[in-house]
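Report on the structure given below.
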Amino acid sequence: MLHRIGEDSARVPASFLQPYDQSTSDAHRDWLLNKCYRNGASNMSTSLPRIVDDYSEKKVGYVHAVSGPVVIAERMGGSAMYELVRVGVGKLVGEIIRLENDMATIQVYEETSGVTVGDEVLRTSQPLSVSLGPGILGSIFDGIQRPLQTINEISNSIYIPKGVFIPALDSNTEWEFSAANNMKVGSHITGGDIYGIVMENSLIKEHKMMLPPRARGTITYIAEPGNYTINDVILETEFDGEKTKHKMVHVWPVRSPRPCAEKVPANRPLLTGQRVLDALFPCVLGGTTAIPGAFGCGKTVISQSLSKYSNSDIIVYVGCGERGNEMSEVLRDFPELTCDNNGVTESIMKRTALVANTSNMPVAAREASIYTGITLSEYFRDMGYNVSMMADSTSRWAEALREISGRLAEMPADSGYPAYLGARLASFYERAGRVTCLGSPNREGSVSIVGAVSPPGGDFSDPVTSATLGIVQVFWGLDKKLAQRKHFPSINWLISYRLI
């Protein structure tokens, strides 16, 4: 770190080369002041900024304290809220959730056992993001979009190794690309414009390649029809003399909603395949629905039934903090299920993306799994598809918020949940809706959210249930007594409703 100082680097105190602690900090200060005093005031203005600049280039902080999934790091000046960091020797994935002076509070999305005080914290200067491109459908990811099938093949283990980093999408698979007829060299293009089509699979034939929302320019190169990987450059644009290369895949921060041209009223029903729901309490494509119910009432079965039989084009199923056997049931049953597409039988997995974050995974990743799922849904919505996202269950997410809030020593509200619980739920559900998409050609898409809620003991006065019911448009209340009588789906039509 000190090789840029110059000739005095040979006289650096040995204590300054040790892992950072308070005594090291004092030695560093004394050595720096003595050096500046010997060289005179004229050298003080040149030597000090050079050391500070060297620190900023390193982008490295150090662990100050560890409490479960929460890590406090020091010497993190210049960091940003929700910046992605790598913690410790294992390079564990974390996200900054609080900044105070040069101290940063980080929630880590992996098990923190083995992290010690003094370990390095590497800044990435990037927010937590997901990769968007061909290959999402038919895949299963964890809460931060790591491909679980690929990890299993590489590690040959049923557990996820700590600090593993594997690209979300396979970079070796070749996809058949064809440029749009109206896109040629010299054409003007803006964010959201469709410049090509990729053959995703036999069920979803058109994976539309869109220019990222914040990009624009004039086309200087567009690939010829053929097979390309996601890392091949298929488009090059120029704006203000600066050229930008675009690949099949681009990244998007999960906490930022993808922009749209306009939100429009939803006017088409979401058909569930359950007569009691479609007849009495219908939902629309682009609507929000809550399914609260006690243990054993059938919340997961209804969510899976919607995934199998609804009239949506794309399904994103998020298992947030649920039992592992339920996700294994999804993985076992979904590939065997089929649907008819113009007389051809196709596997339902070809239109489904799974995000699995089971109850034995770190609690902090539950929040990431919810945002990962809604970002994937918005990506397919922008293509003009009707997407349904199943979140099972948002109560587990709220429990994760409560645990993290407690470790941050925040003021608890009702039942120990943080005071901002309602705001977090609202910001999630408000990302649903039917929209006019950005760019050309003109198209409309929708994201429908069906969130299961697990109130303790079936008590609908639970803070999570109360906050959710104040946000969603449709309420499918499940009754424990009906479930005990084997009356499924156990919808209690006396308490369920739909807002007109």
Query raised in the report: In the list 445, 422, 439, which residue meets the criterion of being farther than 17 Å from residue 382 by Cα, assigned by TED's automatic domain parsing to the domain that holds residue 302 and either at pLDDT below 95 or in contact with a helix residue (DSSP H, G or I) (Cβ under 9 Å, 6 or more places away or on another chain) (or both)?
Result: 422
Report task. Considering only segment 383-404, state which residues are closer than 20 Å to residue 436 by Cβ and either hydrophobic (A, V, I, L, M, F, W, C) or surrounded by fewer than 24 Cβ atoms within 10 Å (Cβ to Cβ) (or both). Result -> 383, 384, 385, 386, 387, 389
Query raised in the report: When the residues of segment 106-146 are filtered to those that are buried (at least 21 other Cβ atoms within 10 Å of the Cβ) and among the polar types (S, T, N, Q), which remaining residue is farthest from residue 250 (Cα to Cα)?
Result: 112
Query raised in the report: What residue, of 224, 200, is in a loop (DSSP other than H, G, I, E, B), more than 22 Å from residue 438 (Cα to Cα) and either assigned by TED's automatic domain parsing to the domain that holds residue 134 or of a type in the set (D, E, K, R) (or both)?
Result: 224
Report task. Please identify the pairs in which a residue from segment 326-340 that is assigned by TED's automatic domain parsing to the domain that holds residue 300 and more than 18 Å from residue 203 (Cα to Cα) has its Cβ atom under 7 Å from the Cβ atom of a residue that is among the polar types (S, T, N, Q) and part of a helix (DSSP H, G or I), counting only partners at least 6 apart or on another chain. Result -> 326/300; 330/304
Report summary line: Taking segment 270-283 and the residues there that are out of contact with any strand residue (DSSP E or B) (no Cβ under 6 Å at 6 or more places or on another chain) and in contact (Cβ under 8 Å) with a residue 40 or more places away in the chain, the one that is farthest from residue 382 (Cα to Cα) would be 280
Report task. State all residues of segment 227-255 that are part of a loop (DSSP other than H, G, I, E, B) and without any contact (Cβ under 8 Å) to a residue 40 or more places away in the chain; if no residue qualifies, say none. Result -> 232, 240, 241
Query raised in the report: Picking from 236, 224, 206, which residue would you name as being of a type in the set (D, E, K, R) and in contact with a Lys or Arg (Cβ under 7 Å, 6 or more places away or on another chain)?
Result: 236
**Report entry** Residue among 113, 155 that alone is within 25 Å of the chain's Cα centre (by Cα), hydroxyl-bearing (Ser, Thr, Tyr) and not assigned by TED's automatic domain parsing to the domain that holds residue 77
**Finding:** 155
Report summary line: In segment 284-324, residues that are part of a loop (DSSP other than H, G, I, E, B) and either hydrophobic (A, V, I, L, M, F, W, C) or touching a residue at least 60 places away in the same chain (Cβ under 8 Å) (or both) total 15
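The values are calculated or read from the model by the stated rules, or taken from the named source; none is laboratory data. The shown structure was predicted, so the numbers you read here are calculated from the model rather than taken from an experiment. As a convention, Cβ positions derive from the backbone with ideal geometry for all residues, glycine included, and neighbour counts pool all protein chains shown.
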